1. Please work out if I339 is out of contact with any Gly (no Cβ under 8 Å at 6 or more places or on another chain), of a type in the set (A, V, I, L, M), under 30 Å from Q473 (Cβ atoms) and at pLDDT 90 or above.
2. Scan I386, I346, I307, I368 and give me the residue that is open to solvent by less than 60 Å² (accessible area, probe 1.4 Å), modelled with pLDDT of 90 or more and under 26 Å from I282 (Cβ atoms).
3. Every residue in the range 391-436 that is part of a loop (DSSP other than H, G, I, E, B), within 20 Å of K362 (Cα to Cα) and open to solvent by less than 60 Å² (accessible area, probe 1.4 Å), please.
4. Given the criteria over 20 Å from L234 (Cα atoms), in contact with a Phe, Trp or Tyr (Cβ under 9 Å, 6 or more places away or on another chain), touching a residue at least 12 places away in the same chain (Cβ under 8 Å) and open to solvent by 40 Å² or more (accessible area, probe 1.4 Å), does E329 qualify?
5. Any residue in the range 202-219 that is under 9 Å from S177 (Cβ atoms) sitting within a Cβ distance under 6 Å of a residue that is among the polar types (S, T, N, Q) and in a loop (DSSP other than H, G, I, E, B)? List the pairs, counting only those 6 or more apart or interchain.
6. Name the pairs whose Cβ atoms lie under 7 Å apart, with the first residue in the range 401-429 and under 24 Å from K328 (Cα atoms) and free of Cβ contacts under 8 Å to residues at least 60 places away in the same chain, the second open to solvent by 60 Å² or more (accessible area, probe 1.4 Å) and not charged (D, E, K, R), and 6 or more positions between them or separate chains?
7. With the requirement that a residue be part of a loop (DSSP other than H, G, I, E, B) and over 20 Å from K230 (Cβ atoms), what does the range 246-296 give you?
8. Against the definition (modelled with pLDDT under 90, open to solvent by 70 Å² or more (accessible area, probe 1.4 Å) and at positive phi), how does N64 come out, yes or no?
Amino acid sequence: MYIKIKDRKLFKGLDEHLTLPKKFNYFVNKIYATNNFIIKEKGKKTYYCTNCKYSYTSNKLKINTVSKCPQCSTNLIVKSSRLQNYTFEKDFAVLDEYLDNWVLRYFHVKGDFKNGTIKNHVCEYARQIIKKDSFFEKLTIINNHISSYISGWYFNYSIDTLNWRYYNKYGFFHINSAVKLYSYNLKKIFKNTKYEYSQLWKLANKTENMEIIYMMKYYNPSVELLIKLKLWSLAQNPQTFKKAGSFMERFGVPRSYLSFMQKHNITLSELNVLKYTKEMDIEVLRMFAGINIADYKNYNIDLKRLINSTDYTKEHHKEYVDYLSFAKELGYDITDKKILYPKNIIDEHDKLVNLIKIKKNKEIENNIKNRYEELKNNIFKTKKYIIFPAKSIKEFIEESRQQNNCVKTYMEKYAKKHCDIYFMRLNSNPKKSLVTIEVNNNKVVQQRTKNNMDTTKEQKSTIKLFEKRLKNQREKIKNEIKMYNNIRQ
């Protein structure tokens, strides 16, 4: 690709004037320290830190977990003494300036563990050049010592900057801009700029992944406030907290929540959950962080109850939200706690999916109407009650809603003549559900009032008369068929 003459001069100027900052080796050595293990000796409770060479005993440590060495206080991965080879890799960046440009320099650290020995290397592999007066103009150059390979990139581990080349954006190279940022020079290079009092150097020191160019581009005074409040994760969202006002107006929770927010360094998505629940429970915040909390606001869901009374996990989010919308569509009482908090979310979701399919199935709807035509001769009346067969899907759903029972799940069985379903009502109020009745072979097998409670004595006696009527009807039909067959003979 053609490179403008002014850019060539800029590249050359960078090579001639950029140097490593004063505390560079100190910073890199801190990264090297994390490229170590706590080694567990086989069959023993003895552990050895490869960083500070300290040995100690413990009953708590597990392989492949992260633990802090009691001697050097470094958080390290616990590994078995059988480990032979391992590779650590980490990127970091240094912000510099040259003429009227910000220069973001990317470095790669690699640590190779082999047979108990660790060798560390560092290499500067890319530079992004950003105009100070326009964060939209960027040039990227990469070190020629980097060569592409199928499985990744290989580095020549040296600080050699003699062979830089312009990066063609249509190539395969990718820079992860959210990396650990070298913090020790920021206060100096931000002097006499709008970032002079930003405290961004404190933020860089406290965070592992920071997009400094994004922070500078969208900087506003609320970032300084968030850093002073030690809300490190929230400070990395400069476009979110622009408004002034009280703590409550800014964060949606009282100031008494601040120590909890600081302790857990809550993220923006966790704050959104906290604003909804008002519960200072980090497990709840982490469980629901990153999802659209509005999905639960619509139903006034108690998130803590959802976790404790169901088998909910983060992976169940979509199915649970679908379940709620299906329940609403089917006319369920979505203020009922039993509906809102099903014990087995996936099972209940699948049941409602099937009911929705049935509801939209015209063939089943027609079959239910045909069943009604077949059974309407069985309509039974007394002075007080009426018993009649189900006529439509809508009637099934309404009966289930009013009675808080599962008769809606019988729609398909009813349509296929696997059972008969009747509704018992008062003559004076035929639209209000009273008793749901299931019949098989002209015999009543279930009779339940609301919430699957038993029927009264009066209702039982009426249903017995109804059942007797069905049996008489059946005998009458049998006799008529027998008489007809005799005549034909």
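1. Working: out of contact with any Gly (no Cβ under 8 Å at 6 or more places or on another chain): yes; of a type in the set (A, V, I, L, M): yes; under 30 Å from Q473 (Cβ atoms): no; at pLDDT 90 or above: yes.
No: the conditions fail for I339.
2. Working: I386 fails: under 26 Å from I282 (Cβ atoms); I346 fails: under 26 Å from I282 (Cβ atoms); I368 fails: under 26 Å from I282 (Cβ atoms).
Just one listed residue meets the conditions, I307.
3. Residues of the range 391-436 part of a loop (DSSP other than H, G, I, E, B): 391-392, 404-406, 416-419, 427-428, 430-434.
Now restrict to residues that are within 20 Å of K362 (Cα to Cα): 391-392, 416-419.
Correct list: S392, C419.
4. In short, no.
5. E211/S177
6. N405/N452
7. Initially, the range 246-296 is screened for residues part of a loop (DSSP other than H, G, I, E, B), giving 246, 252-254, 264-267, 278-281, 289-293.
K278, E279, D281, G290, I291, N292, I293 - these are the residues of the range 246-296 that are part of a loop (DSSP other than H, G, I, E, B) and over 20 Å from K230 (Cβ atoms).
8. Working: modelled with pLDDT under 90: no; open to solvent by 70 Å² or more (accessible area, probe 1.4 Å): yes; at positive phi: yes.
Considered against the rule, which asks whether it is modelled with pLDDT under 90, open to solvent by 70 Å² or more (accessible area, probe 1.4 Å) and at positive phi, N64 comes out as no.
The values are calculated or read from the model by the stated rules, or taken from the named source; none is laboratory data. Keep in mind it's a predicted model, so treat the numbers as computed, not measured. Ideal geometry is used to build each Cβ from the backbone, glycine not excepted, and the neighbour counts take in all protein chains shown. Protein only, heavy atoms only, side chains kept; ligands, DNA and RNA dropped before computing areas. Shrake-Rupley method; radii C 1.70, N 1.55, O 1.52, S 1.80 Å.
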